[in-house]
Amino acid sequence: MKQSGACRTAGPGSQERRAVQARVDSESPLRVRAADPAGTTQVNRVLRRAGLGALPPDNTTSYPGRNTNWTGTTERGHSVFVKQVGGDSGDSLRRFRRSLSFEELADRNKPAGLRRPRRLCHDEESRILVFELLPAVSGNELLTRDAFGADLAHEVGLMLAELHELPSGEADGLDRTPHPLPPSEFFDALPERAFLQATHAELEFWWLLQSDRQLVAAIGTLRGMEARAPHRPAHCDLRFDQLLIADGVLHLSDWEEFRFSDPARDVGGFLGELLWTGVTRIPASSPDENDTRQDAHGTIVARGVQELERLRPIALAFWDGYRGRRSGLDPGLPCRANAFAGWHLLDRVLASGSERGRLSPTQRAAVGIGRSVLIAPHRFIRVLGMGGTA
């Protein structure tokens with residue numbers, strides 16, 4: 001890794017730096033916190049204007065994350081989830097408008113299988129979005145309990161396919177700028193602010209990537225393939241905690257990165273979540289997470305491969321649902337999706353590294369597997385359940 005003296009400084013408008021920091025923030029452990037009084041005043045102003053009633057202070061919960069948020073039941077009996085899109089003025093406005101652009105596209109086309117929490121109202125000036133609060137369990141929770149089965153995976157595939165089939169044109173208002181991740185500027189040198197704020201684990205992560213020119217080249221190849229690929233409306237930030245199941249009905253939430261993009265990002269996001277689960281869900285008899293010896297690393301890799309094999313039916317069912325619903329599926333999508341799955345694994349390591357002093361053997365194993373998938377994505381098409389074609 002370039003040392004601090006060699007770090008080039010990125011200005012405050014660096015899209016890549018903000019995207020990386022936002023990813024780290026969004027992966028922070030879930031902890032209840034007190035709602036911000038000033039923000040609550042803004043929220044209640046928006047809620048009252050929409051006729052929903054205010055949130056009582058003793059009935060409001062807020063959680064850490066990329067955006068400030070509130071949940072509770074209003075004085076008029078409405079259960080709401082309120083999100084105030086964070087970031088600097090320009091970035092928050094873009095993410096706010098991307099979320100609205102999805103709502104507007106979905107409202108126009110009314111896709112039957114693409115369900116999301118119902119938007120109740122919004123306010124652009126304060127960047128506030130208000131949704132119906134669903135009594136839901138997340139896909140991540142189900143996966144943790146071994147309750148995320150093939151039927152649900154098939155339904156997710158159908159849902160993403162329906163999203164990618166939504167009609168769109170130049171006048172639809174969709175963001176057509178490239179997604180900022182992977183952050184190409186970080187593979188040369190970290191911006192000064194990112195370097196100074198990084199944990200030792202994050203610095204270790206970037207050292208592994210920056211010193212691996214084959215991996216850097218593979219990421220450049222992926223960005224080139226992405227730019228040339230057929231683009232469709234896409235979520236572009238898919239994780240299992242954004243899959244919400246309420247009363248047996250699947251919903252997809254968090255549309256701030258929604259844009260006209262390569263649909264392989266979403267397919268790769270789903271497969272990357274399975275990769276991350278497979279690598280990190282090591283049996284209790286595994287070596288100590290703080291053990292950095294090579295034999296511990298090898299044991300974790302072997303057991304991670306076993307976990308991937310156990311999760312493969314979920315990937316198969318997902319791909320079966322997706323390719324069965326898509327029309328005109330481009331032949332290069334499986335390869336690009338696998339490469340994005342590899343990046344997703346690296347992205348997860350980076351986010352989890354913000355909480356540690358050094359990379360654990362599991363995190364290093366995840367980097368190794370993500371690297372392998374990124375460098376040779378075609379070799380993993382069948383391993384990740386994508387052997388069939390449309």
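Could you tell me how many of the residues in the range 229-239 are farther than 17 Å from L274 by Cα and assigned to a loop (DSSP other than H, G, I, E, B)?
Summing the residues that are farther than 17 Å from L274 by Cα and assigned to a loop (DSSP other than H, G, I, E, B) in the range 229-239 gives 4.
Can you give me the number of residues within the range 331-375 that are more than 19 Å from A218 (Cα to Cα), among the charged types (D, E, K, R) and assigned to a helix (DSSP H, G or I)?
Summing the residues that are more than 19 Å from A218 (Cα to Cα), among the charged types (D, E, K, R) and assigned to a helix (DSSP H, G or I) in the range 331-375 gives 0.
Given the condition at pLDDT 95 or above, buried (at least 22 other Cβ atoms within 10 Å of the Cβ), part of a helix (DSSP H, G or I) and not hydrophobic (A, V, I, L, M, F, W, C), answer yes or no: does some residue in the range 183-202 qualify?
No, the range 183-202 contains no residue that is at pLDDT 95 or above, buried (at least 22 other Cβ atoms within 10 Å of the Cβ), part of a helix (DSSP H, G or I) and not hydrophobic (A, V, I, L, M, F, W, C).
What are the pairs with Cβ atoms under 9 angstrom where one residue, in the range 189-211, is of a type in the set (V, I, T) and the other, located anywhere, is surrounded by 17 or more Cβ atoms within 10 Å (Cβ to Cβ) and assigned to a helix (DSSP H, G or I)? Sequence gap at least six, or different chains.
Taking only residues 6 or more apart or on different chains, the pairs are T199/G353.
Here is a check on your reading of the model: is L166 assigned to a helix (DSSP H, G or I) and either open to solvent by 20 Å² or more (accessible area, probe 1.4 Å) or at pLDDT 95 or above (or both)?
Spelling it out, it is not the case that L166 is assigned to a helix (DSSP H, G or I) and either open to solvent by 20 Å² or more (accessible area, probe 1.4 Å) or at pLDDT 95 or above (or both).
If a residue must be part of a helix (DSSP H, G or I) and on the phi > 0 side of the Ramachandran plot, how many such residues does the range 309-330 contain?
Qualifying residue count for the region: 0.
Could you go through the range 134-152 and let me know if any residue there is open to solvent by 50 Å² or more (accessible area, probe 1.4 Å), of a type in the set (A, V, I, L, M), touching a strand residue (DSSP E or B) at 6+ places or on another chain (Cβ under 6 Å) and outside any strand (DSSP E or B).
For the range 134-152, residues open to solvent by 50 Å² or more (accessible area, probe 1.4 Å), of a type in the set (A, V, I, L, M), touching a strand residue (DSSP E or B) at 6+ places or on another chain (Cβ under 6 Å) and outside any strand (DSSP E or B): absent.
Can you name every residue in the range 107-120 that is in contact with a Phe, Trp or Tyr (Cβ under 9 Å, 6 or more places away or on another chain) and among the hydrophobic types (A, V, I, L, M, F, W, C)?
L120, the sole residue that qualifies.
Out of all the residues in the range 74-89, which are touching a strand residue (DSSP E or B) at 6+ places or on another chain (Cβ under 8 Å), closer than 21 Å to E124 by Cα and not in a loop (DSSP other than H, G, I, E, B)?
Across the range 74-89, the qualifying residues are V80, F81, V82, K83, Q84.
Taking the conditions exactly as written (open to solvent by 30 Å² or more (accessible area, probe 1.4 Å) and small (G, A, S)), does G370 satisfy them or not?
no
Residue by residue, here is whether (1) crowded, with 23+ Cβ neighbours inside 10 Å; (2) modelled with pLDDT of 95 or more; (3) part of a helix (DSSP H, G or I); (4) out of contact with any Asp or Glu (no Cβ under 9 Å at 6 or more places or on another chain) holds:
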{"site": "Q214", "(1), (2), (3), (4)": "no, yes, yes, yes"}
{"site": "T221", "(1), (2), (3), (4)": "no, yes, yes, yes"}
{"site": "A227", "(1), (2), (3), (4)": "no, yes, yes, no"}
{"site": "D241", "(1), (2), (3), (4)": "no, no, yes, no"}
{"site": "L244", "(1), (2), (3), (4)": "no, yes, no, yes"}
{"site": "L250", "(1), (2), (3), (4)": "no, yes, no, no"}
{"site": "V267", "(1), (2), (3), (4)": "yes, yes, yes, yes"}
{"site": "T277", "(1), (2), (3), (4)": "no, no, yes, no"}
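Name every residue in the range 48-73 that is in a loop (DSSP other than H, G, I, E, B), closer than 17 Å to L120 by Cβ and not aliphatic (A, V, I, L, M), in order of residue number.
Of everything in the range 48-73, those that are in a loop (DSSP other than H, G, I, E, B), closer than 17 Å to L120 by Cβ and not aliphatic (A, V, I, L, M) turn out to be G51, G53, N67.
If you go through the range 65-110, how many residues are basic (K, R) and open to solvent by less than 60 Å² (accessible area, probe 1.4 Å)?
Going through the range 65-110 one residue at a time, the tally reaches 3.
Counting just the residues of the range 71-106 that are among the polar types (S, T, N, Q) and over 21 Å from the mean Cα position of the chain (by Cα), which one comes out farthest from L47 (Cα to Cα)?
The qualifying residue farthest from L47 (Cα to Cα) is S89.
Out of the residues in the range 321-350 that are modelled with pLDDT of 90 or more and small (G, A, S), which is nearest to the chain's Cα centre (by Cα)?
Among them, the one singled out is A341.
Going by what's in this entry, would P313 be described as modelled with pLDDT of 90 or more and open to solvent by 40 Å² or more (accessible area, probe 1.4 Å)?
Yes.
Tell me, please, whether a residue that is modelled with pLDDT of 85 or more, over 30 Å from R119 (Cα atoms) and of a type outside the set (S, T, N, Q) can be found in the range 289-307.
no
Does D151 satisfy being touching a Phe, Trp or Tyr at 6+ places or on another chain (Cβ under 9 Å) and either without any contact (Cβ under 8 Å) to a residue 60 or more places away in the chain or among the acidic types (D, E) (or both)?
Spelling it out, it is not the case that D151 is touching a Phe, Trp or Tyr at 6+ places or on another chain (Cβ under 9 Å) and either without any contact (Cβ under 8 Å) to a residue 60 or more places away in the chain or among the acidic types (D, E) (or both).
The values are calculated or read from the model by the stated rules, or taken from the named source; none is laboratory data. Quantities reported herein were computed from a predicted structural model and do not represent experimental measurements. Methodologically, a virtual Cβ is constructed for each residue, glycine included, from the backbone with ideal geometry; neighbour enumeration extends over all protein chains shown. Note: accessible area is taken over every heavy atom of the protein model, side chains too, but ligands, DNA and RNA are not part of it. Shrake-Rupley method; radii C 1.70, N 1.55, O 1.52, S 1.80 Å.
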